[in-house]
1. Let me spell it out: the conditions are (1) modelled with pLDDT of 95 or more; (2) outside any helix (DSSP H, G or I); (3) open to solvent by 50 Å² or more (accessible area, probe 1.4 Å), and Asp287 meets all of them except one. Which number is the exception?
2. Being touching a helix residue (DSSP H, G or I) at 6+ places or on another chain (Cβ under 8 Å), part of a loop (DSSP other than H, G, I, E, B) and aliphatic (A, V, I, L, M) is the filter here, so list the residues in the range 129-157 that pass it.
3. Kindly list, by first and then second residue, each pair from a residue in the range 260-272 that is closer than 15 Å to Tyr222 by Cβ to a residue that is not in a loop (DSSP other than H, G, I, E, B), limited to pairs with Cβ atoms under 6 Å and residues at least 6 apart or on different chains.
4. For the range 95-123, how many residues meet the condition of being touching a residue at least 40 places away in the same chain (Cβ under 8 Å) and farther than 12 Å from Cys80 by Cα?
5. Of the residues Ala379, Ala414, which single one is crowded, with 18+ Cβ neighbours inside 10 Å, more than 22 Å from the chain's Cα centre (by Cα) and either modelled with pLDDT of 95 or more or within 18 Å of Tyr187 (Cα to Cα) (or both)?
6. Please find, within the range 325-368, the residue that is most open to solvent (accessible area, probe 1.4 Å) out of those that are within 30 Å of Thr265 (Cβ to Cβ) and under 23 Å from the mean Cα position of the chain (by Cα).
7. Would it be correct to say that Tyr187 is open to solvent by 40 Å² or more (accessible area, probe 1.4 Å), modelled with pLDDT of 95 or more, under 18 Å from the mean Cα position of the chain (by Cα) and of a type in the set (Ser, Thr, Tyr)?
8. Out of all the residues in the range 382-411, which are open to solvent by 20 Å² or more (accessible area, probe 1.4 Å), out of contact with any Ser or Thr (no Cβ under 7 Å at 6 or more places or on another chain) and among the acidic types (Asp, Glu)?
Amino acid sequence: MWCRRLAWLFKVPYQLRGSTRHRPLWLPCDRRTVPAAAARWHHTAPESLKCAWQLHGDHLELRYANTLMRFDFVWLRDHCRSASCYNAKTNQRSLDTASVDLGIKPKAVRVDETTLFLTWPDGHVTRYGLEWLVKNSYEGQKQQVMHPRILWNAEIYRQAQVPSVDCRSFLETDEGLKEFLQNFLLYGIAFVDNVTPTKEDTEILAERISLIRETIYGRMWYFTSDFSRGDTAYTKLALDRHTDTTYFQEPCGIQVFHCLKHEGTGGRTLLVDGFYAAEQVLRQAPDQFELLSKVPLKHEYVENVGDCHNHMIGVGPVLNVYPWNNELYLIRYNNYDRAVINTVPYDVVHRWYAAHRTLTTELRRPENELWVKLKPGKALFIDNWRVLHGREAFTGYRQLCGCYLTRDDVLNTARLLGLQA
């Protein structure tokens with residue numbers, strides 16, 4: 001059953017089909033009210049180049065601001081912003097969606113220079129600003145970017161000379177916090193300088209932008225090479241680039257690292273913009289990008305060390321995209337934790353390996369590697385949904401502390417400061 005669904009997924013393109021039951025008949029925006037059931041309209045208003053509209057049997061077509069939009073009648077009734085349908089104080093819907101007749105049609109439609117008016121069979125009038133419709137239509141969303149970003153390799157990031165934010169400014173001023181978050185949103189990494197090298201001060205830093213996400217590793221953790229956990233990270237070995245907690249159903253959104261002490265050599269941190277690498281795959285081999293975004297895999301963490309007994313499984317594709325605009329929002333890449341590939345049929349798995357090899361080649365290009373030496377006082381925040389991290393082998397005693405943050409809270413903080421997130 002699953003194999004048949006997967007085969008269908010790769011053969012049938014995703015598309016929206018509008019109704020073809022009626023021959024298109026465009027009307028320019030004017031102030032006249034036209035019965036919705038009319039098969040033909042007559043009007044005298046001069047034609048508008050900016051806005052025109054047309055009724056079909058089950059939807060309204062509207063052309064405005066160079067965007068052709070299609071609105072299902074139920075959608076138009078469901079999203080009414082009148083006082084009886086929507087609470088403007090709480091920004092919540094009051095209308096019971098399940099009570100809307102699925103066969104509903106407007107009794108009359110009117111469009112002026114700025115507003116669409118719909119009169120429903122019960123006499124209720126719905127008003128939509130045309131700009132609001134452009135912003136909130138499927139076609140409008142398809143043209144927009146949810147999260148503006150600057151994709152980078154090592155040279156691009158160095159030339160940008162992205163500044164670190166001083167700890168005091170970060171903690172005590174909105175300006176410092178906003179600068180930090182803007183850097184983080186654009187590049188997927190950001191630094192805070194002059195942090196007191198203790199776990200307690202790092203915790204205060206993290207809580208400035210988010211709730212701390214407690215996991216099987218605890219709330220705030222110390223990180224040494226004592227192999228106290230069943231994970232390669234708790235050794236002195238080099239770690240290849242990866243994202244964390246791929247074995248969670250929802251991988252942790254942000255990771256905080258702060259090196260408290262290192263008495264030895266090596267141990268530089270490796271950072272790679274996974275979205276930059278994925279963009280190269282999309283340009284060179286779009287069919288492979290699509291495969292990596294559709295094939296679900298299992299990632300697994302099995303631990304039996306001391307009192308720690310865990311068996312975590314997370315399922316998802318390597319690349320996760322918004323289906324309406326193909327915008328990448330999450331990369332799940334960890335060769336250490338990928339489980340047995342038993343969710344992919346024979347005729348797909350070899351193509352998946354080829355696509356994975358293409359992405360891995362991009363991720364491992366030396367020019368894409370940003371190496372950073374973490375030192376006491378310098379805290380690093382990493383977007384774990386975007387930026388892969390690793391490290392070189394080291395000698396001596398090296399202690400880090402850190403935590404995971406809830407992604408929703410970080411983005412919430414950014415939006416409250418006026419940033420697009």
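The values are calculated or read from the model by the stated rules, or taken from the named source; none is laboratory data. Worth saying up front: this structure is predicted, and the values here are computed from it rather than measured. Here the Cβ is made from the backbone with ideal geometry for all residues, glycine too, and neighbour counts use every protein chain on show. Heads up: the accessible areas ignore ligands, DNA and RNA and are worked out on the full protein's heavy atoms, side chains in. Shrake-Rupley method; radii C 1.70, N 1.55, O 1.52, S 1.80 Å.
1. Just one mismatch for Asp287, condition (2).
2. Ile150, Leu151
3. Listed pairs, sorted by first residue: Leu260/Gln399; Leu260/Cys401; Lys261/Gln399; His262/Arg398.
4. Number of matching residues: 9.
5. Details: Ala414 fails: more than 22 Å from the chain's Cα centre (by Cα).
When all the criteria are applied, what remains is Ala379.
6. Among them, the one singled out is Asn335.
7. On the way: open to solvent by 40 Å² or more (accessible area, probe 1.4 Å): no; modelled with pLDDT of 95 or more: yes; under 18 Å from the mean Cα position of the chain (by Cα): yes; of a type in the set (Ser, Thr, Tyr): yes.
No: the conditions fail for Tyr187.
8. Glu392, Asp408
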